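Rule-based calculations on the coordinates, nothing more; no lab input. Keep in mind the model is a prediction, meaning the values are calculated, not measured. Here Cβ is always computed from backbone atoms with ideal geometry, including for glycine, and neighbour counts include all displayed protein chains.
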Amino acid sequence: MKRGLLLFFIMGAILVSGCANHAKIEMPVVERVSSQNWQGKSFRQEIFYSQPEPGLFTGGQQQKLQPISEARLSVASAEVLSGFSQFLSNQLPPNTYVVDDSTADYTVTVNMVAKDKMGPSYPDYEFWKTFFKGLATVGFGSFEYDIIADFDIEYVLKDKKNNVFSKKYSVKDAVDHDKGRFEFNDKSYVYAAELLRKHILITYSSFLKDASVSM
């Protein structure tokens, strides 16, 4: 009888551990902005980035805003920001192209300031929530996370005549994420990257829509 109850309890705990709810990042459907003035025009991108100094033994002081290639990134932020410039390029209006020199018709400058040393979007491990869930499931409960996006971003568009249009956004969002005890492939940073892309898509599309009317 005791063995049966123990087996029932263990099977229930395993069942609970197998029901981990992964983060659900709903990507918005956004049409790329089209402008007659931009047809066939070239765009150059400049990306500047700042985050608190990474590392366990640093004071976490905010780094100065600098080209993203020169910024000191945490492992987490480097993973989340991988392919960031290409994602930005893909959001530019159709029938435009990206160049790498100062002869471009337009220059887009992106200034991103992350609030946490783990980067603009990151998985935040919830220790106590995981601990008590583990007690309730004899150590079989899933690991609890919040996938957090927390950053400020400014987009600046400049043409050859030095006309400038800029807009700033503050992003603060969190999504629940569970990682099963028997999951060997940790996708928490994948979800963090998706949450970042979601908010870049929303803010950049909003900016380009407003800029297409103003310039």
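Things to note:
- For residue 102, neighbours were defined as the other residues whose beta-carbon sits under 15 Å from its Cβ, and their charges (Lys and Arg +1, Asp and Glu -1) total 0.
- Length added when fully stretched, residue 82-residue 169, from 0.36 nm per residue minus Cα-Cα: 29.2 nm
- Anchor residue 167: aspartates and glutamates whose Cα lies under 12 Å away (excluding residues fewer than 8 positions away in-chain): 152, 154, 210
- Approximating the spin labels as points 7 Å out from Cα along Cα→Cβ, the residue 97-to-residue 202 distance works out to 3.5 nm.
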